[in-house]
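Heads up, the thing below is written out as structure tokens.
The values are calculated or read from the model by the stated rules, or taken from the named source; none is laboratory data. This one's a predicted model, so the numbers in the text were calculated from it and none came from an experiment. Counting neighbours? That spans all protein chains shown, and the Cβs are built from the backbone with ideal geometry, glycine included. To get the accessible areas, we keep the full protein, side chains included, count just its heavy atoms, and leave off ligands, DNA and RNA. Shrake-Rupley method; radii C 1.70, N 1.55, O 1.52, S 1.80 Å.
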Amino acid sequence: MDQKDNIEPKKDQNQSSISDLLDSIQQNSWELELLISGFAIFLLIGALEPMARWENDLTLLATDTTWAQQLRFLYYPGLIALWLLIGCLIVHVLLRGLWIAAIGLRYVSGDIDYEELNYKERFSRFLKRRIGHFDSYIERLELSCSIAFSVSFVLIFALISLSSFSFLLYLPRLLFSYFGVFGAEFASKILGVFSLMLGLLYFIDFATIGFFKRSAFTHKWYYPIYRFVGWLSLARIYRPLYHNLIDNRFGRRLGRLLPVLIIAVLVIASVQFVRSPYFNLEQRGMLSLRAEHYDNILPEEALQYASQPSLDDRYVGEDNYLEIFTPYLSRYQDPVIEKKYPKLQPGRYAGIKLEGAFNLGTFYNKDAEVDSLLSAFASIHKLYLNDSLLESSNWRFYRHQKRKQNGLIYHLPLHDLPIGEHQIKVDRQWKSTEGDSLYWSEGSVINFYR
């Protein structure tokens, strides 16, 4: 009994010392906020360029594998969160700068002297009611600065949670489809409806500041849903911030706006302004020239068209040869080759390998016949020059350095071609998604000049 009495005061002393330390840090937190915000803004702006490169790599990877497309659930919310954090930190720095300016002005001028302004009573009464004392204005700025710094992280982690929830719930559907589980399509639909219902219930509770958690009728059955969705959405990261935000009247009003702010951020990120109403840069046909069709003027952002063939230039060079490149789209073209040539040995073993400090897995198939692989790959392409079908024996395997893609290249001799505008078109063979049949798809017309 005596030991217990001796232990409890120590706990109180430790708790009191921690509280005093946090109170001291809290009073001087504005210095830390400015320091962190200033460094973070420059670091985050520097991260935009690597993020753009990752998007290009993700686009290229998505042309080879189905699962890589699902990484978009993680990448694009992360990109939106990056821009959101930059914007929130800039707003925070501006508010904190205004707060410092107000404190400096208070040192010089003190409080607002409404009598010295000599305004009419109507204006003086309005300003006293809306502004009040200058110290109250500084206090409101302090509150806004601290809230802006915290809310930005709540919004960011809410977006990350949304992407994590979507990715983890879609993952079983992807695995069912990849391993060919019986009834995978039906199971995917059931999982889709189930995930939609869970997400909707969780969002309603989030938007209503815990309606299901407060209700005597729903708290029992909602508890396991709350725990499960919280685990999927990584909510543990931001829940302390969120609940500390909504435990007072001002925070609850702001908390009710969080779903609106999240939706507004997603809408703003999706906004595009369309100009030139009478201009139509169509992808197919010969009435337009597109930069992504020509390697020498290919812009970086054009990797969204990574599945399209391209020419080395829209003008034939002095050697009178034209280079035509068509990418290897493993995700779509492997099933076609497997159906047409079921006994064909692959050139490389696909999948995850280790090479470096640890070596695991075999990369190349020694039994593969390279000429047979080239013939099989070439057989699913048809090359047309001005509507005339060309022989496909001139295709060669090629690694495109600028597009960072594997594929086929064709060196087309044009010594006897007349001067003027001409067209190249590459048709490719695909496998139907609804059945086991193959079909030819007409490619885009690419103009070039000699």
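Here are some notes:
- 24 Å Cα-Cα threshold exceeded, pairs from K189/K343; K339/K382; K343/K404; K402/K425: K189/K343; K343/K404
- Residue ranking by accessible heavy-atom surface, 1.4 Å probe, largest first, among D113, D205, D312 comes out as D113, D312, D205.
- FRET efficiency for the R129 to I268 pair, using the beta carbon distance and R₀ = 35 Å, is estimated at 0.55.
- When each of the peptides 195-204, 229-238 is scored by how many other beta carbons lie within 10 Å of its residues on average, the order from highest to lowest is 229-238, 195-204.
- Taking the 1.4 Å solvent-accessible surface of region 377-446 as the whole, the part contributed by carbon and sulfur is 47%.
- Surface listing: F126, F325, F153 arranged by accessible area from highest to lowest gives F126, F153, F325, probe 1.4 Å.
- Virtual spin-label span in nm between I225 and L344, 7 Å along Cα→Cβ: 5.1 nm
- If the segment from I190 to E115 were pulled out straight at 0.36 nm per residue, it would be longer than the present Cα-Cα gap by 19.9 nm.
- D313 - accessible surface, heavy atoms, 1.4 Å probe, Å² rounded to 10: 40 Å²
- Remark: accessible surface ordering of F273, F212 (largest first) is F273, F212, probe radius 1.4 Å.
- Pairs of Cα atoms in region 209-283 fall into 5 Å distance bins, from 0 up to the last occupied one, in shares of 3, 11, 13, 18, 18, 10, 5, 4, 5, 6, 5, 2, 0 percent.
- Charge context of L258, other residues only, Cβ under 15 angstrom, K/R +1, D/E -1: +2
- Charge sum, other residues only, whose C-beta stays under 14 Å from F206's C-beta, Lys/Arg counted +1 and Asp/Glu -1: +4
- Over region 400-450, the reciprocal of the mean inverse Cα-Cα separation, the Kirkwood hydrodynamic radius, stands at 14.1 Å.
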